[in-house]
Structures are given as C-alpha cells and as structure tokens.
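K.L.:
One structure follows; several queries about it will come next.
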C-alpha cells in the first residue's frame, strides 16, 4: 500500500506486519551523549533532522540511503506518532525518532564531529515580538550545528518566511560555506516536507540553502541575534496546516 498526503506519495510502502520494526526512541538516556552505534547496532554515517514533523523527509532518505542512519527529533509528540508509525510499517531499522527540543538534543546528546548531515526545515518564525527569543536559528545554535558536523558535513535549511531567510543568509556564512538552493531539491521536486508541499501548491515562495561546515571559523565581532520583524503570517498556509493536524488527531 502507498500512502498519499495532499496528492503527493509518502515515501515507501506499508509492509506486511511481520516485517515492521520499532523506530520510536521512547526514552533518551538521562545523561548524554547518545551512543549512536549501540542504538543502531553498527557504525554508519548519521543524518539528523531537527523538527522532523511527520517524518516525510527522513522516510525518503532512510529508504534511499540504507547505508546511513537517521534520527529525527521534534517537540510535538502528536506528529511523531505518525512519523514512528510510518517508519515502523516500512521496516526502517536505520531510522529513529525522539521527542526533545533541538537545542538540548544538539548540546547534550550529539558528540562533536559525529554527524554527516543536519537538516532543519521550516523553523517557527514566531511573529509575535514577545516570542522572538524562541527562534531556533541563532548564532549559538548554528555554532553547535557546526560542532556536531564531521569535517565536510553539511547543514540544510528551508523556510517560507523571507525575513528569517535574510537573517539566515546573513549569519550562516560565518559557520558554513553556504549556498542558496535555487528551486526545489532535486530528489524531492514536489516537496521534502508537508509544509513545503502546501506552500508550493499555493504558490508561496520557499527559500532553501545548504552549507558545508567551515574549519576556519573566527568570530571577531558578535553576530546579530534574530530580532527581525517576521512580517505578516502566511495565514492560508497556517490554516491548511492546522486543518491537516486536526484531521490527524481525529484519526487516532
């Protein structure tokens, strides 16, 4: 069976139950770092998705790259339920999901130079000025992303908020050899994430970029904090996402 979401297939097929696995990392150790080799039973390149949502990108990556291990984290248990169910039903032993915030996961659970790719798609821009301190992509956070990446490791980022994108392009080159991705990712032209699929369908601009971790980082002056005006909300896109989440809740 092939599942679809907004008319776009979800990667992989639902296998017969005897081939299902367990992808939920239900309890992280109280003290890090995480023993990734013990978790997967092997030593392999590691891909991490911060704010993985319902796991669409990681499902596709784990299926296409079985030689790599994958960890997705999100603070919303509801969306992780669907990510883990789909990972289980596809028999993906190279995939795990955990409920934790991205800052803590990077800081406490990932070793220096232990990850080959870090992905971060559509971090919340927090339009209310009183909440801008919650924005994820700060200089401190990007420095930690660079720390966990192995030499030559890559950071991928995507947003539909143009002010957030301008901020990212201002500070990311301090930590990465950073490049703008023109157009959709070649492996997923219809969208790597549910929000990207919705944004493309409704003709919202999507901003994408990637960078290789720099080895020559020297910060002479402090980098600016993310105190930008996030601009107007994409209310139609937010509404469609909320309605989708509500439908998921009703199916539980």
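K.L.:
For 117, 150, which order do you get if you count the other beta carbons within 10 Å of each Cβ and list the fewest first? Can you show the working numbers first?
P.N.:
On the way: 117 20, 150 16.
Ascending number of Cβ neighbours within 10 Å: 150, 117.
K.L.:
Just how far, in whole angstrom, is region 146-205 from region 21-76 if you go by their alpha carbon centroids?
P.N.:
Centre-to-centre (Cα) distance: 20 Å.
K.L.:
Let me ask something else. Rounded, prolate or oblate: pick one for region 29-132, where a ≥ b ≥ c are the square roots of the eigenvalues of its C-alpha gyration tensor, a/c under 1.5 means rounded, and failing that, prolate if a/b is larger than b/c, else oblate.
P.N.:
oblate
K.L.:
When the helices in the chain are scored as -39500 (n - 2.57) per DSSP H run of 4 or longer and the sum is shared across all residues, what 222 nm value do you end up with, to the nearest 500 deg cm²/dmol?
P.N.:
Roughly -8500 deg cm²/dmol at 222 nm, from the helical runs in the chain.
K.L.:
What is region 52-125's relative contact order, in percent, from Cα pairs under 8 angstrom and six or more apart in sequence? Spell out each step's value before the answer.
P.N.:
Numbers: 75 pairs, mean separation 24.5, N = 74.
Relative contact order here is 33 percent.
K.L.:
Which residue fluctuates the most in the chain, going by a Gaussian network model with Cα springs under 10 Å, if the choices are 59, 95, 237?
P.N.:
Between 59, 95, 237, it is 237 that shows the largest mean-square fluctuation.
K.L.:
Okay, next question. Indicate the gyration tensor shape class of region 71-129 (rounded, prolate or oblate), computed on the Cα atoms with a ≥ b ≥ c the square roots of the eigenvalues: a/c under 1.5 is rounded; otherwise a/b larger than b/c is prolate and the rest oblate.
P.N.:
It comes out oblate by the Cα gyration axes.
K.L.:
Between 198, 76, 15, find the one with the highest GNM mean-square fluctuation for the chain; connect C-alpha pairs within less than 10 Å.
P.N.:
15
Taken together, the values in this text are just the output of simple stated rules run on the coordinates, not laboratory data. Just so it is clear, the structure is predicted and the values come from calculations on it, not from any experiment. Note: ideal-geometry Cβ built from the backbone for every residue, glycine included; neighbour counts use all protein chains shown.
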